[in-house]
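Colleague: One structure coming up, written as structure tokens, with questions to follow.
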Ligand SMILES: Nc1nc2c(c(=O)[nH]1)N[C@H]1C(S)=C(S)[C@@H](COP(=O)(O)OP(=O)(O)OC[C@H]3O[C@@H](n4cnc5c(=O)[nH]c(N)nc54)[C@H](O)[C@@H]3O)O[C@H]1N2
Ligand SMILES: Nc1nc2c(c(=O)[nH]1)N[C@H]1C(S)=C(S)[C@@H](COP(=O)(O)OP(=O)(O)OC[C@H]3O[C@@H](n4cnc5c(=O)[nH]c(N)nc54)[C@H](O)[C@@H]3O)O[C@H]1N2
Ligand code: SF4
Ligand SMILES: [Mo]
């Protein structure tokens, strides 16, 4: 007898702009295939390459998954564990927590979390436990996009309300600034951008495929965005496109940058940024005429003056009045509130009794090394030994025998190898949840397709059990998933219950949103604040500066480490096929730089700075500008010969705002490895 085949709609919960609809084929209680949902407006039947491989590869391989709670029996980092029951693991962890709380403040319990899964409950409910406990949250955004959040907050009053992508049909131009949709938003690259009728402009140091497909590509030197923004505004004014009426009525502080704009001729802009003055003028005309959309990616704010760069880019929006109507606007992220959802309902900040202590990822390694500040660490949804800065120092800190370390993951990562207790998490295919994408204003279903592998449990259930073992009484700590889903769906106002949404996969309000249509902004003045008293009070310049980073110190290359096409942060780094695609860690450099350094394609080399050393294979690419080495993020250190990835070079310096990462400002020297085998050749490498 043939067992019945069923097709179930669900959603990819990775931290990806696309949030693809998925169609899972199930037969006899087993998953046969995980594919794109043909009915989904963006995935249209196909997932990206990495998810097609990994969701049908390592994610379906029970042998690769963590499937029982584990307790450490070997030295930290050796990965030697013995299985224990859930009851035992939870009881022992609670007992150790309670005993350390007798002598230490609750804030000495740290927890890190981020993009492992972005579904609403699994990604947020555990915060209820940590808030009740009084633990220190390692602020996830500090390793990703906090500088941008702060800059948009000062200028627009929020970073979480962007244009509705459906309004692209009304845009005369779309400016993609510091994003690489080809890798980080593949379906947006494939369909949303090409199908939009407007002129495409890309501003990026790397000639990635989205840049190459654009009508205008401004290839600037890294960290020079603010100077470019000022030059663009200068050219807008020169072309008679400056919207004085808009500036007078809806903005605050134009006069604070007026002089800087006047001084930043496109010629001066060219000298500082490397972008030809003629191209600056052309882009200014196109963007200035509008209506224009500006997509602010996360790349530009991962520079030392990244917050300043975002404020300067927003001054261009203000100077051209490109906001508040169909086809005009800015998008950094669309937060849950654009779907009517109040995330505080899920995370319950009010459970905290003594404030909400936080820490920057930039300070994580030092803090963990200090028993006075860190007694315990919980890592969930986060592979810090691959993703956070100061990798070598972090590894040493995790060796601390006296640090209670609990890690939740679905795989045995570099980070879980150091834990005292490893708790197996259920994957997105194994429990119901919701996704609220951060590009499109959709509400999408996450559906339980099969039972969890082994004894794995969803994050939220693990923290319910821990709360009970700690003797916590607050009912919010035990609220069941179906009740949370009911409340969240009600908040969306879509009129769908969970089954209704499950049948569709994804739903959106019919009418696209036009944010700030009344041209009132949630800033203190109600206007776009080009200059900001709040920024000044926080120790920042009153208004954005026409800043441009100097080129890297002589002999050093600027190491950019953005998203890889084959990984999602560190996820999929353990899939055999993906590892095949990734090959031996490459550093892509411009052929002229390689020639100067006497390095050929295929040379085994090292990138080196005061923080660390990373073995790489040199690959030549004309898509990478001079002075830059492109080394993608996310490889698993434990599969690398030197047990390190690009974050071994990252000193964890803070950007100008938000105690945030400036990972694209790392510099390192590239040289041939001693006794290197040179497999010379002039092959060009694609991005
Ligand atoms: N050099 C460099 N470093 C970077 C960046 C960069 O640009 N350059 N980018 C930074 C950015 S933007 C980010 S957001 C961070 C992201 O850093 P991470 O949060 O570490 O990213 P991921 O690899 O997506 O996910 C972490 C872990 O979550 C696990 N996971 C998946 N599903 C679940 C689940 O349901 N439950 C649990 N408990 N775990 C699960 C995965 O197996 C993975 O090990 O990295 C940062 N690091
Ligand atoms: N395939 C894949 N997709 C992903 C991820 C992944 O790891 N893999 N990560 C996800 C996550 S967590 C995030 S936060 C997003 C991030 O996705 P994006 O917003 O695309 O950000 P990045 O990947 O950091 O880099 C984007 C671009 O910024 C450019 N850049 C670097 N420095 C500068 C600069 O000084 N100025 C300008 N203008 N550009 C600069 C880089 O060259 C790169 O092309 O992607 C998500 N999507
Ligand atoms: S990672 Fe992004 S592109 Fe790939 S399937 Fe998931 S949502 Fe789609
Ligand atoms: Mo991120």
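Colleague: With axes computed from alpha carbons, what is the tilt in degrees of helix 481-492 against the longest principal axis of the chain, rounded to the nearest 10 within 0 to 90?
Modeller: 20 degrees
Colleague: Order by neighbour count: 671, 571, fewest other Cβ atoms within 10 Å first, most last.
Modeller: Final ranking by Cβ density, sparse to dense: 671, 571.
Colleague: For a Förster distance of 41 Å, can you work out the FRET efficiency between the beta-carbons of residue 610 and residue 88, rounded to the nearest 0.05?
Modeller: That gives a FRET efficiency of 0.40.
Colleague: Considering only C-alpha atoms, what is the centroid distance from the stretch 364-402 to the stretch 486-534, in Å?
Modeller: That distance is 37 Å.
Colleague: As I understand it, the value is the acute angle between the Cα axis of helix 86-103 and the longest principal axis of the Cα atoms of the chain; what does it come to in degrees, rounded to 10?
Modeller: Between helix and principal axis, roughly 70 degrees.
Colleague: Which value in deg cm²/dmol, rounded to the nearest 500, describes the helix-derived mean residue ellipticity at 222 nm for the chain, given -39,500 (n - 2.57) per DSSP H run of n ≥ 4 and division by the residue count?
Modeller: Only helices count here, giving -8000 deg cm²/dmol.
Colleague: Now a separate question. Highest mean first, how do 556-566, 606-616, 492-502 rank when packing is the count of other Cβ atoms within 10 Å averaged over residues?
Modeller: Put in order of decreasing packing, that is 556-566, 606-616, 492-502.
Colleague: Let me ask something additional. Report the relative contact order of the chain, percent, no decimals, based on alpha-carbon pairs under 8 angstrom and at least 6 residues apart.
Modeller: 21 percent
Colleague: Still on this structure, I have one more. Using alpha carbon centroids, what distance separates the stretch 34-108 and the stretch 241-314, in Å?
Modeller: Cα centres, the stretch 34-108 to the stretch 241-314: 44 Å.
Colleague: List the extent of the Cα atoms of the chain along each of their three principal axes, largest first, rounded to whole Å.
Modeller: 71, 67, 62
Colleague: Ranked highest first by average number of other Cβ atoms within 10 Å, how do 374-382, 143-151 line up?
Modeller: Highest-to-lowest ranking by the protection proxy: 143-151, 374-382.
Colleague: Relative contact order of the stretch 519-604: what whole-number percent is it, with Cα pairs under 8 angstrom and at least 6 residues apart?
Modeller: Relative contact order here is 10 percent.
Colleague: Let me ask another. By how many nm would the segment from residue 534 to residue 642 grow when fully extended, if each residue of separation counts as 0.36 nm and the alpha-carbon distance is taken off?
Modeller: Working it through step by step, the gained length comes to 34.3 nm.
Colleague: Which distance in Å, rounded to a whole number, links the C-alpha centroids of the stretch 112-161 and the stretch 192-222?
Modeller: 29 Å
Colleague: Here is a further query. Going by how many other Cβ atoms sit within 10 Å of their own, how do 102, 490 line up, fewest first?
Modeller: Fewest to most other Cβ atoms nearby, the residues stand as 102, 490.
Colleague: Order 363-370, 127-134 from most to least packed using the mean count of other Cβ atoms within 10 Å.
Modeller: Peptide ranking by packing, descending: 127-134, 363-370.
Colleague: For the stretch 423-518, what is the relative contact order in percent, using Cα pairs closer than 8 Å and at least 6 residues apart in sequence?
Modeller: Averaging sequence separation for qualifying contacts and normalising by length gives 29 percent for the stretch 423-518.
Colleague: According to a simple spin-label model (label point 7 Å from Cα along Cα-to-Cβ), what is the distance in nm between residue 27 and residue 96?
Modeller: A separation of 4.5 nm, rounded to one decimal place.
Colleague: State log₁₀ I(q)/I(0) for the stretch 557-686 at q = 0.17 Å⁻¹ as given by the Debye formula over alpha-carbon point scatterers of equal weight, solvent excluded.
Modeller: The computed values of log10 I(q)/I(0) come out as -0.88.
Colleague: Could you compute the FRET efficiency for residue 256 and residue 213, with r as their C-beta to C-beta distance and R0 at 41 Å, rounded to 0.05?
Modeller: 0.65
Colleague: Expected output is a single nm value to one decimal: the length gained when fully extending between residue 491 and residue 553, i.e. 0.36 nm times separation in residues minus the C-alpha distance. What is it?
Modeller: Between residue 491 and residue 553, full extension yields an extra 17.1 nm.
Colleague: Moving to a separate point now. Roughly what angle does helix 306-320 make with the longest principal axis of the chain, taking Cα atoms, 0 to 90 degrees, to the nearest 10?
Modeller: Roughly 50 degrees between the two axes.
Every read-out reported here was derived from the displayed coordinates using simple, explicitly stated rules and does not represent laboratory data. If you're wondering where the values come from, they're calculated on a predicted model, not measured in any experiment. Neighbour counts are summed over all protein chains in view; Cβ atoms, including those assigned to glycine, are modelled from backbone coordinates with ideal geometry.
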